[in-house]
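The structure under discussion appears below in the form of structure tokens.
The values are calculated or read from the model by the stated rules, or taken from the named source; none is laboratory data. Note that the coordinates shown come from a computational prediction; the quantities given were computed from them, not determined experimentally. Heads up, the Cβs are rebuilt from the backbone with ideal geometry, glycines too, and the neighbour counts pull from every protein chain shown.
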Amino acid sequence: MGIGEVTVEFASELAPFVAAGLRGGVSRVRVDGVSSVGHVVESLGVPLTEVGALLVNAEAVGPAYVPVDGDSLVVRAVMRPQPMPEPMRFLLDIHLGTLARRLRLLGIDAAYENPDIGDAALAARSAAERRILLSRDRGLLRRREIYAGAYVYSHQPAEQLDDVLSRFTPGLAPWTRCTTCNGLLREADKTAMRGRLPDQTEQTYDTFAQCVDCGQTYWKGAHHARLDAIVAHAQRKFGT
């Protein structure tokens, strides 16, 4: 087994993942001559979902490359926007419920697991349904079986939404998905809604939509202005 030392330089965007001593410059790291560069990067705290180009001695390599003594490694951040095949679909873990609802508000296919089904089941669903797994759990994003993944950097839902939209630029189709279950909405006739709505709602509103999956009914109620502001912001920044 060969043992040596390489130099590593991380992109500034990856600073939240690495120890303070590895930020903002070139650092020296021990290697064993067996572990891949992907393993080395993850062992230093960075999920490969957040990594763009890997350069060894100024040449692009894949994560399977095994670094040797004297190599110079540069780790770049993932490209933004990040190209992904269509249709673009997402899967969110239990900690991102508000983000899931906001994605659905914009018409984006966003599955959400609540209650927690565990990392293995989340990864399996990501792979089976070809969904991009969104999480703040670095360990979950390191699971090899996931289809694709992305770390959600902020704790704030508004910042989380901007982060996801800027990274993946999915098409927006506001007011077309159920924020409760992710099903598609269809226009609902007011007459058909009679008896299912609170009296005041039935008397005040004329336009309704209903989820084809769970039957949830929607109308432009008291919270509409707040939701409309979220939609308007997303459309202004990230397209229609």
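Here are some notes:
- Within the range 112-138, residues that are at positive phi and touching a residue at least 12 places away in the same chain (Cβ under 8 Å) have Cβ atoms under 9 Å from residues that are part of a strand (DSSP E or B) and of a type in the set (Gly, Ala, Ser) in these pairs: Arg130/Ala148, counting only partners at least 6 apart in sequence or on another chain.
- Residue match in the range 127-140 (condition: touching a Gly at 6+ places or on another chain (Cβ under 7 Å) and part of a helix (DSSP H, G or I)): no
- Number of the exception - Leu103 against (1) assigned by TED's automatic domain parsing to the domain that holds Leu134; (2) in contact with a strand residue (DSSP E or B) (Cβ under 9 Å, 6 or more places away or on another chain); (3) surrounded by fewer than 14 Cβ atoms within 10 Å (Cβ to Cβ): (3)
- With respect to the stated conditions, Arg89 is touching a residue at least 12 places away in the same chain (Cβ under 8 Å), surrounded by 17 or more Cβ atoms within 10 Å (Cβ to Cβ) and farther than 19 Å from Leu22 by Cα.
- Only residues that are within 20 Å of Met84 (Cβ to Cβ), hydrophobic (A, V, I, L, M, F, W, C) and either surrounded by fewer than 16 Cβ atoms within 10 Å (Cβ to Cβ) or outside the structural domain of Gln210 (by TED's automatic domain parsing) (or both) were counted across the range 132-180, and they come to 1.
- Residue match in the range 54-74 (condition: among the aliphatic types (A, V, I, L, M) and under 19 Å from Gly139 (Cβ atoms)): no
- Residue check, Leu165 at pLDDT 90 or above and in a strand (DSSP E or B): no
- Qualifying positions in the range 216-229 - at pLDDT below 85 and assigned to a loop (DSSP other than H, G, I, E, B): Trp219, Lys220, Gly221, Ala222, His223
- Restricting the range 42-73 to residues that are within 23 Å of Ile132 (Cα to Cα) and touching a Pro at 6+ places or on another chain (Cβ under 7 Å), the residue that is surrounded by the most Cβ atoms within 10 Å (Cβ to Cβ): Leu54
- Scanning the range 15-37 for residues that are among the β-branched types (Val, Ile, Thr) and surrounded by 12 or more Cβ atoms within 10 Å (Cβ to Cβ), we see that the one that is farthest from Ile3 (Cα to Cα) is Val18.
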